[in-house]
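Peer 1: Questions regarding the structure given below will be posed in turn.
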Amino acid sequence: MLIECTAGRQVETSVAGDTYTFQRDKYGRFVCHVDKQRHIAILLSVVHYREVPEVPEPEKKAKPAKPAKDPAKGAGEPGLGQGGDEPDIIGINGIGPGLKAKLEAAGFGTMAAVAGLTEEQIAKLDADLKLMGRITRDKWVEQAQAFIAEAAANAPQS
C-alpha cells in the first residue's frame, strides 16, 4: 500500500522496529510503500498519513458551490464577499465546516480573503491552525481565485 505523509517534508519514521522513509515522488507527494497490515493501520491512525493511489487522479477544475440565498445577508458586491453571490469557502477542496469556522474567526472566511492570502498570512495561518502546509499543498489561493473568476464570468451583466 502506498502511504503519503502530508506534513510536507521528507520524513523517516519507525513502526515496531521497521523504518519507513517518505520521499518525494514524481507527483510531488512524500510517499512510502508499506506492506505490513499492522504498520499500515498504525500509520493511518496518525493525522498526517493517508493512503494514496500509485498515480494521482488528474486535478479537476473546482466548480463553485451554489450558496443558499440568505435574505438576511447584506447585498454585497457579487464575487467579493459580504453576501452577494460569492461561493462559500467550503467549496475549496480541504475546507470543511470546522476549518471554515476557524478561518472566519481568523478573519479569512470569504473567498476573496482566501484568494488574497499573502505568503506571510499563509505561514501564520499554517502555524496557528496547525495545517501542516495544507493551504499551499491543496492550492487554496488558486482555487479561490478560480471560484471568484467563474462567479464573475457567470454574473448577470448590468
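The numbers here are math on the coordinates, done by the rules we state, and not lab data. Only a predicted model underlies this, so the values are computations on that prediction, with no experimental measurement involved.
Peer 1: Using only Cα atoms, locate the centre of the stretch 129-158 and the centre of the stretch 29-60, then give the distance between them in Å, rounded to an integer.
Peer 2: Between the Cα centre of the stretch 129-158 and that of the stretch 29-60, the gap is 27 Å.
Peer 1: Which whole-Hz couplings ³J(HN,Hα) result when phi for each residue of the stretch 12-24 is put into the Karplus expression 6.51 cos²θ - 1.76 cosθ + 1.60, θ = phi - 60°, listed in order with x for Gly and Pro?
Peer 2: Whole-Hz 3J(HN,Hα) from phi for the stretch 12-24: 10, 9, 10, 10, 6, x, 9, 9, 10, 10, 8, 10, 5.
Peer 1: Over the alpha carbons of the stretch 2-51, what is the largest minus smallest coordinate on each principal axis, giving the biggest first in Å?
Peer 2: If we take the Cα atoms of the stretch 2-51, the spans are 27, 18, 15 Å.
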